[in-house]
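> First the structure, which I've put down as structure tokens, then a few questions once you've had a look.
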Amino acid sequence: MSLLIKGGLVVDPSRHLEDPLDLLVERGKIVALEPPGQIPDAGRRVISAPGLVVAPGLVDMHVHLREPGEEYKETICTGTRAAVKGGFTAVAAMPNTKPVNDTAAVTRLILDQAKTAGNARVYPVGAISVGSRGQALSEYGDLRVAGAVALSDDGRPVSNAMLMRRALEYARTFDLPVIAHCEDLDLSAEGAMHEGVVSLQLGLKGIPAAAEEVMVYRDLTLASLTGARLHIAHVSTGGSVAIIRLAKAMGLPVTAETAPHYFSLTEEAVLGYNTHAKVNPPLRTEMDVKAIKEGLRDGTLDAIACDHAPHSSLEKEVEFAAAAFGLIGLETSLGLTLKLVHTGELSLIQAIEALSTNPARILGVAGGTLAVGAPADITVINLNREWTVDVNTFASKSRNCPFDGWTLKGKAVMTIVGGRVVWEED
């Protein structure tokens, strides 16, 4: 189908572009970007976009789709439907499924299910170690050939430093980034939330910021040793931001992400034993929130990824210490990020870069650009659309969202994947 998107503000960080333009899509590709009125309408579906932002399709590089193995929480179909409703044209699926994605067979299954679903693109992430048990490396070559774009044991850290070194060296052979879940299990053991005043108030065992920071430092040191590409997942503390900033200044090949809940909530969201605010790493202090925002502003943190982690009521409607870690975020991530734009803490082009261009670059996948010849993965955004988060309207199977009832400003109104409109607001 030929699509003509007319009169929108085209924001493309890959080319430092922020101008009103008409954009033409044919045969799944972007074929022209011209000043308004230069491309004829005839024979095309015309999408009128004055007052709207036309951006490269958003890419979330850290989600949990739960299939195979826990389809009662989420499926690839429902997870990718939530993604396109939230404006995401592509997601990277973490490997902690059941079975773990440590083989080519599981990788191919994920890709087949994504193709059948026909929503967002899905990029599988293979496991660093067999079963994510941290004892033996997976077969990275097989995973790469099958379609894996990165490696991670997310949900579990690689505690053995020698195994992590070997993983980085092996991954470098196949030019695969290693996505590190940085957590010292001896420091975080049995912790349920951030260690601080609120954990003391609630009588809950805390997880100190140091549990994340010491492992960030270790993995950065190993990246320096091996020269491999390291990506730090879900950064939550000011100390981690400072360490990563120093590593980048030293020229290390490191990138990093944070999640919207780490710049939108503090440890106080747990008050009342709110299990929907129980995440790993945990919500931190106001000072950490400020440091995360500054890290996004100065480029220390490259990407925003929601760490979409669906759970059913079986895992969440229990006492706090026994509840599962994780929240869902695909349908709120854009709105929460745009809050930083509306408050002037990020520019619009910085926000799109963190949500689209940088994740595509880090993963080495197509997308993150509106250049002529690129796949027509496009997100159309209404910056001024006010809406109220209502978990009962979510496309996701799960409802574990601490933002239920929040009023947000800014929303995807159309999501286009490969030139095909896969979601549009009524």
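The values are calculated or read from the model by the stated rules, or taken from the named source; none is laboratory data. None of the values given here were measured: they were computed from a predicted structure. Cβ atoms come from the backbone with ideal geometry, glycine included; neighbour counts cover every protein chain shown.
> Return the pairs, sorted by first residue and then second, in which the second residue is in a loop (DSSP other than H, G, I, E, B), the first residue lies in region 62-76 and is of a type in the set (A, V, I, L, M, F, W, C), the beta carbons are less than 6 Å apart, and the residues are 6+ apart or on different chains.
L65/E74; I76/L65; I76/E67
> Name the residues in region 391-411 that are buried (at least 16 other Cβ atoms within 10 Å of the Cβ) and of a type in the set (G, A, S), would you?
If the condition is that a residue be buried (at least 16 other Cβ atoms within 10 Å of the Cβ) and of a type in the set (G, A, S), then A395, S396, S398, G410 are the ones that fit.
> Still on this structure: So which of D60, D12, D19 is surrounded by fewer than 20 Cβ atoms within 10 Å (Cβ to Cβ), on the phi < 0 side of the Ramachandran plot and either touching a Ser or Thr at 6+ places or on another chain (Cβ under 6 Å) or of a type in the set (D, E, K, R) (or both)? Before the answer, list the steps.
On the way: D60 fails: surrounded by fewer than 20 Cβ atoms within 10 Å (Cβ to Cβ); D12 fails: surrounded by fewer than 20 Cβ atoms within 10 Å (Cβ to Cβ).
After applying the criteria, what remains is D19.
> Taking region 31-50 only, how many residues are outside any strand (DSSP E or B) and surrounded by 12 or more Cβ atoms within 10 Å (Cβ to Cβ)? First the steps, then the outcome.
Quick first cut of region 31-50, residues outside any strand (DSSP E or B) only: 35-44, 49-50.
After this cut, where a residue has to be surrounded by 12 or more Cβ atoms within 10 Å (Cβ to Cβ) as well, the list is 36, 39, 44, 49.
Of the residues in region 31-50, 4 are outside any strand (DSSP E or B) and surrounded by 12 or more Cβ atoms within 10 Å (Cβ to Cβ).
> Might you check whether a residue that is touching a Cys at 6+ places or on another chain (Cβ under 9 Å) and closer than 22 Å to P375 by Cα occurs anywhere in region 64-83?
no
> Criterion first (more than 28 Å from the chain's Cα centre (by Cα) and not aromatic (F, W, Y)) does E18 satisfy it?
no
> Related question: With the structure loaded, tell me whether L370 is in contact with a strand residue (DSSP E or B) (Cβ under 9 Å, 6 or more places away or on another chain) and assigned to a strand (DSSP E or B) or whether it fails that test. It would help to see each step written out before you state the result.
On the way: in contact with a strand residue (DSSP E or B) (Cβ under 9 Å, 6 or more places away or on another chain): yes; assigned to a strand (DSSP E or B): no.
It is false that L370 is in contact with a strand residue (DSSP E or B) (Cβ under 9 Å, 6 or more places away or on another chain) and assigned to a strand (DSSP E or B).
> On the given criteria, is G51 at positive phi and not hydrophobic (A, V, I, L, M, F, W, C)? Full working, then the answer.
Numbers: at positive phi: yes; not hydrophobic (A, V, I, L, M, F, W, C): yes.
When the stated conditions are applied, G51 passes them.
> Got at least one residue in region 240-251 being small (G, A, S) and either in a loop (DSSP other than H, G, I, E, B) or not assigned by TED's automatic domain parsing to the domain that holds M162 (or both)? If you could, list the steps in order and put the result at the bottom.
Step one: filter region 240-251 for residues small (G, A, S), giving 240, 242, 247, 249, 251.
Then keep just the ones that are either in a loop (DSSP other than H, G, I, E, B) or not assigned by TED's automatic domain parsing to the domain that holds M162 (or both); that gives 251.
Yes - at least one qualifying residue is present in region 240-251.
> Next up: Out of all the residues in region 81-103, which are closer than 22 Å to P157 by Cβ and either touching an Asp or Glu at 6+ places or on another chain (Cβ under 8 Å) or of a type in the set (D, E) (or both)?
Of the residues in region 81-103, the ones closer than 22 Å to P157 by Cβ are 92-103.
The answer is A92, M94, P95, N96, T97, K98, D102, T103.
> Tell me yes or no: at least one residue of region 128-143 is of a type in the set (S, T, Y) and surrounded by fewer than 17 Cβ atoms within 10 Å (Cβ to Cβ).
Step one: filter region 128-143 for residues of a type in the set (S, T, Y), giving 129, 132, 138, 140.
Subset that is surrounded by fewer than 17 Cβ atoms within 10 Å (Cβ to Cβ): none.
Checked region 128-143: no residue is of a type in the set (S, T, Y) and surrounded by fewer than 17 Cβ atoms within 10 Å (Cβ to Cβ).
> Listed residues A228, A259; which is of a type in the set (A, V, I, L, M, F, W, C), surrounded by 21 or more Cβ atoms within 10 Å (Cβ to Cβ) and in contact with an Asp or Glu (Cβ under 6 Å, 6 or more places away or on another chain)?
Numbers: A228 fails: in contact with an Asp or Glu (Cβ under 6 Å, 6 or more places away or on another chain).
Matching residue, one of A228, A259: A259.
> Contact list please: Cβ distance under 6 Å, first residue in region 94-110 and assigned by TED's automatic domain parsing to the domain that holds C306, second residue surrounded by fewer than 18 Cβ atoms within 10 Å (Cβ to Cβ) and part of a helix (DSSP H, G or I), pairs at least six apart or on different chains.
Partner pairs satisfying both residue conditions: V100/G131; D102/V130; A104/D142.
> For residues that are in contact with a strand residue (DSSP E or B) (Cβ under 7 Å, 6 or more places away or on another chain) and within 22 Å of R172 (Cβ to Cβ), scanning just region 231-251, find the one that is surrounded by the most Cβ atoms within 10 Å (Cβ to Cβ).
Per the criteria, the residue is I232.
> Also, I was wondering about something else. Looking at region 298-353 only, could you name the residues that are hydroxyl-bearing (S, T, Y) and in a helix (DSSP H, G or I)?
Here is the first cut: in region 298-353, the ones hydroxyl-bearing (S, T, Y) are 300, 312-313, 332-333, 337, 343, 347.
Passing the criteria: S313, S333, T337.
> Next question. Enumerate the pairs (first residue in region 262-277 and within 13 Å of V197 (Cα to Cα); second residue anywhere and at pLDDT 95 or above and among the hydroxyl-bearing types (S, T, Y)) with beta-carbon separation below 7 Å, excluding pairs fewer than 6 apart on the same chain, so at least 6 apart or on different chains.
As it stands, the answer is T266/T285; E267/T285, since those pairs meet every condition given.
> Okay, moving on. Somewhere in region 148-159, is a residue closer than 19 Å to I362 by Cα and either out of contact with any strand residue (DSSP E or B) (no Cβ under 8 Å at 6 or more places or on another chain) or surrounded by fewer than 17 Cβ atoms within 10 Å (Cβ to Cβ) (or both)? Break it down stepwise before answering.
To start, the set of residues in region 148-159 that are closer than 19 Å to I362 by Cα comprises 148-154.
From what is left, the residues that are either out of contact with any strand residue (DSSP E or B) (no Cβ under 8 Å at 6 or more places or on another chain) or surrounded by fewer than 17 Cβ atoms within 10 Å (Cβ to Cβ) (or both) are none.
The answer is no; no qualifying residue exists.
> Only one of T221, T266, T285, T300 is under 18 Å from the mean Cα position of the chain (by Cα) and among the hydroxyl-bearing types (S, T, Y); which?
On the way: T221 fails: under 18 Å from the mean Cα position of the chain (by Cα); T266 fails: under 18 Å from the mean Cα position of the chain (by Cα); T285 fails: under 18 Å from the mean Cα position of the chain (by Cα).
Answer to the selection: T300.
> Let me ask something else. If A171 meets every condition in (1) surrounded by fewer than 18 Cβ atoms within 10 Å (Cβ to Cβ); (2) aliphatic (A, V, I, L, M); (3) in contact with a strand residue (DSSP E or B) (Cβ under 8 Å, 6 or more places away or on another chain); (4) touching a residue at least 40 places away in the same chain (Cβ under 8 Å) apart from one, which number is that one?
A171 satisfies every listed condition except (1).
> Among helices (runs of 4 or more DSSP H) lying entirely in region 119-210, which contain 2 or more residues that are small (G, A, S) and either out of contact with any His (no Cβ under 8 Å at 6 or more places or on another chain) or within 29 Å of A323 (Cα to Cα) (or both)?
Numbers: elements: 140-146, 161-173, 185-188, 197-202.
By residue number, 140-146, 161-173.
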